[in-house]
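Trainee: What follows is a single structure, and I will ask about it in a moment.
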């Protein structure tokens, strides 16, 4: 594969990652510390993302660099640990919080509707991300 087609493929996958994250080009550029025009050049395959941008994609957004650069595997990296590990708490503490939330939602109808409203809004705004997560629950 020549350099131009590699940059085009990376740009195409970068566009997919941005869509999954539900970011605009301006927002992604800001995350990378570059202008929207500079970021658009990355997506169009005119330039390659800088090493700092790649680092942020891998660490902050959990985007697989194998997928981004080589087209191998899934977009989202595996093996990032459980939610509890990411938050630095025990699994039982999270379960206790969820149980507490459910108890409150049972007793406070307005809370239940607020939470469900936010949940549905999130699903609508992040349909690709939610679909991907539900199709691949082990990721």
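Trainee: Got a number for residues in the stretch 37-58 being under 15 Å from residue 19 (Cα atoms) and assigned to a helix (DSSP H, G or I)? Please lay out each step first, then the result.
Mentor: Our first condition is that a residue be under 15 Å from residue 19 (Cα atoms); within the stretch 37-58, this holds for 39-40, 42-44, 57.
Filter once more, so that each one left must be assigned to a helix (DSSP H, G or I): 39-40, 42-43, 57.
Of the residues in that region, 5 qualify.
Trainee: Select from the stretch 1-36 the residues that are outside any helix (DSSP H, G or I) and within 28 Å of residue 130 (Cβ to Cβ) and list them in ascending order.
Mentor: From the stretch 1-36, those outside any helix (DSSP H, G or I) are 1-2, 22-24, 33-35; that's our starting set.
If the condition is that a residue be outside any helix (DSSP H, G or I) and within 28 Å of residue 130 (Cβ to Cβ), then 22, 23, 24 are the ones that fit.
Trainee: Could I ask something else about it? Out of (1) at pLDDT below 90; (2) on the phi < 0 side of the Ramachandran plot, what's the single condition that is false for residue 110?
Mentor: Status for residue 110: all satisfied but (1).
Trainee: How many of the residues in the stretch 70-101 are exposed (fewer than 11 other Cβ atoms within 10 Å of the Cβ), in a loop (DSSP other than H, G, I, E, B) and modelled with pLDDT of 85 or more?
Mentor: Adding up the residues that qualify gives 1.
Yes/no per residue for (1) surrounded by 11 or more Cβ atoms within 10 Å (Cβ to Cβ); (2) out of contact with any helix residue (DSSP H, G or I) (no Cβ under 7 Å at 6 or more places or on another chain); (3) modelled with pLDDT of 90 or more:
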position: 1; (1), (2), (3): no, yes, no
position: 13; (1), (2), (3): yes, no, yes
position: 18; (1), (2), (3): yes, no, yes
position: 27; (1), (2), (3): yes, yes, yes
position: 36; (1), (2), (3): yes, no, yes
position: 41; (1), (2), (3): yes, yes, yes
position: 44; (1), (2), (3): yes, no, yes
position: 68; (1), (2), (3): yes, no, yes
position: 103; (1), (2), (3): no, yes, no
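The values are calculated or read from the model by the stated rules, or taken from the named source; none is laboratory data. Because the structure is a prediction, the values reported are computed rather than measured. So basically every Cβ, Gly included, is an ideal-geometry build from the backbone, and we count neighbours across all protein chains shown.
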